[in-house]
Amino acid sequence: MKFILGTKKGMTQIFDSEGAVQPVTIITALKTAVTQVKNKETDGYTAVQVGYGEQKEQRMKKPQKTKGNFRGFLEFRMDDVSAHAVGNSMDISTFAEGDKVEVSALSKGKGFQGVVKRHGFAGGPRTHGQKHSERERGSSGGGPGRAGGRVVKGMKMAGRMGGERVTVTNLKIVKVNAEAGEIYVRGAVPGRRGTVVEIVSK
């Protein structure tokens, strides 16, 4: 299992060897190193904890200073951790063109949204007496035949949208620029520019 952390730089397009346009997301690799290796005997599960980025020492919490001046920490669970040791750094050169990866990141936060944008509702009729119901959700309760006339849990309603962890699978690495520390992934990746992105190849 190969993994690395980076920040989303943005989208662009490049041409492959056959002249076809490939839409790609550019991900800039972060300074990443193993800070802890967890095993079943002491922690109850096997995982590798890594620190990423850089942070000023005065902004760090006291327990974190012993692991280095990292901006944050993430864990990657895996069955075999024998290939990892504390202090090992993640190298972008372990990834190559053509690798299939899955990418995880926090999606863009969109604030409080209605049901049309959040869930794709159609809204009310545009004519025939429509006044205030063009983007309303309609009935959410119902009579005795539907959950006893109450609003059931999980009902699709207006609320906060985005800001959730999203994983996109089966993405392909189109190009690896080791000198610039950039990975070009075909397709769209969750998050805004600057979002911390996890790239995993199993």
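The values are calculated or read from the model by the stated rules, or taken from the named source; none is laboratory data. Owing to the predicted nature of the structure, the values given are computational and were not obtained by experimental measurement. Positions of Cβ are backbone-derived with ideal geometry, glycine not excepted, and every protein chain shown enters the neighbour counts.
Out of Lys108, Lys153, I need the residue that is modelled with pLDDT of 95 or more and not in a strand (DSSP E or B). Which one? The unique qualifying residue is Lys108. Just one residue in the set Ala122, Ala188 is of a type in the set (A, V, I, L, M), in a loop (DSSP other than H, G, I, E, B) and touching a helix residue (DSSP H, G or I) at 6+ places or on another chain (Cβ under 9 Å); that residue is Ala122. Within the set Ala158, Ala122, Ala180, Ala188, the sole residue that is closer than 30 Å to Ala29 by Cα and more than 20 Å from the chain's Cα centre (by Cα) turns out to be Ala180.
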